Amino acid sequence: SSGINAEYGGTESFGIPSVGNQEEASPIQGPTNMNEPGTVSVIPEDPPEKQTPALQWHLIDNDDTPRKLGKALVCEFLGTLMLVGFGIGAANPLAQGSLDKALLPLYAPNFIIAASLSVGATIHICRNSSGGHVNPSVTLALFLDKRISALRCITYLLSQFAGGIAGAALIYVLCNYHNRPKTNFGVIAYDLDVYTYPQVFFNEVFGTMLLNLTVFASFVEETSDAGSYKQCLSIAIVCMIANPMCCINPARGLAFNLITLQMVHHAWVSILGPFVGAALATLIYNFLLKSPPRPHLVKAK
């Protein structure tokens with residue numbers, strides 16, 4: 001109540017005398033002074049609706065100071081490094097080879113769950129500093145939705161791709177990959193004897209569209225769930241659904257293919273597809289799913 005009173009000029013502006021640390025009054029109060037029985041406070045009028053300013057594209061925002069932006073770029077670099085490292089590291093072919101045949105069917109669900117939960121954990125770690133994008137498609141979607149500046153969008157993309165390549169290089173060294181016979185471990189590749197390029201491209205577009213719609217839906221400003229653990233958990237669940245069929249992260253799609261110089265001709269699908277999915281998610285959210293602002297649910301600061 002104190003925040004609302006301060007924003008709209010104090011309780012005196014509604015004709016109610018201020019009384020110490022009085023809690024928020026009910027619409028009709030009892031006597032305000034026990035020595036004056038029968039005195040009833042005036043019912044205040046509803047405060048004017050808080051208008052949500054229209055979002056606009058900006059080349060540079062006020063928050064894009066060297067200090068703030070620098071911290072955010074380092075966080076996006078490290079976050080994408082962890083994401084790619086966990087994502088590739090969870091799919092351990094040595095562990096798969098050591099499993100009994102009876103346990104082999106459990107291998108794929110285990111690494112999908114581990115990789116997806118690592119995505120949610122990385123977002124949770126990075127969200128206070130950079131917003132926890134750690135995915136170029138998410139950054140593009142938020143730019144198209146006018147939530148970040150062009151400068152932040154471009155620098156985030158560079159940091160994310162650099163972090164993804166660094167994470168892939170780290171796994172390449174730690175797993176002693178350079179001393180092994182070449183395999184498809186960690187490489188984004190598609191069996192073109194089973195799938196066609198249009199099919200895998202559609203999978204990338206649809207999976208990334210689902211991911212970004214979840215991102216948009218989970219940080220609605222008018223609810224108290226914005227920035228809570230529910231956002232990270234919901235994104236992790238979407239990754240579990242989409243993981244078996246697509247990459248949904250251009251940094252992940254490029255990184256290990258580039259480090260190993262394998263299946264590079266497949267990388268365009270996992271780079272272009274997510275960006276198209278991000279653009280479609282922005283259009284669908286704004287024209288079909290976005291609810292009108294509800295000022296009475298916006299918490300006064």
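The values are calculated or read from the model by the stated rules, or taken from the named source; none is laboratory data. In this text the structure is predicted, and so the values were computed from the model without any measurement. In this analysis, Cβ positions are derived from the backbone assuming ideal geometry, glycine residues included, and neighbour counts consider all displayed protein chains. With ligands, DNA and RNA removed, areas are computed over all heavy atoms of the protein, side chains included. Shrake-Rupley method; radii C 1.70, N 1.55, O 1.52, S 1.80 Å.
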Largest-first ordering by accessible area, 1.4 Å probe, given options Leu272, Leu211, Leu59, Leu254: Leu59, Leu272, Leu254, Leu211
How large is the accessible surface of Lys71 in square angstrom, using a 1.4 angstrom probe and rounding to the nearest 10? 120
If the chain between Asn128 and Ile237 were fully stretched, how many nm would it gain, using 0.36 nm times the residue separation less the Cα-Cα distance? 37.1 nm
Set the Förster radius R0 to 22 Å, insert the Cβ-Cβ distance between Tyr195 and Val74 as r into 1/(1 + (r/R0)^6), and round the FRET efficiency to 0.05. 0.05
Order of exposure, largest accessible area first, which applies to Leu81, Leu233, Leu144 with probe 1.4 Å: Leu233, Leu144, Leu81
Separation of the Leu59 and Val173 label points, Cα + 7 Å toward Cβ, nm: 3.9
Gained length - Leu283 relative to Ala121, 0.36 nm times residue gap less alpha-carbon distance: 55.5 nm
Using a 1.4 angstrom probe and counting only protein chains, how large is the accessible area of Met82 in Å², to 10? 60
Extension gain (nm, one decimal) between Arg67 and Leu272, 0.36 nm per residue minus Cα-Cα: 70.6 nm
Report the calculated FRET efficiency for Ser291 and Lys146 (r = Cβ-Cβ distance, R0 = 30 Å), to the nearest 0.05. 0.95
On the full set of protein chains, 1.4 Å probe, figure out the accessible area of Phe206 and give it in Å² to the nearest 10. 90
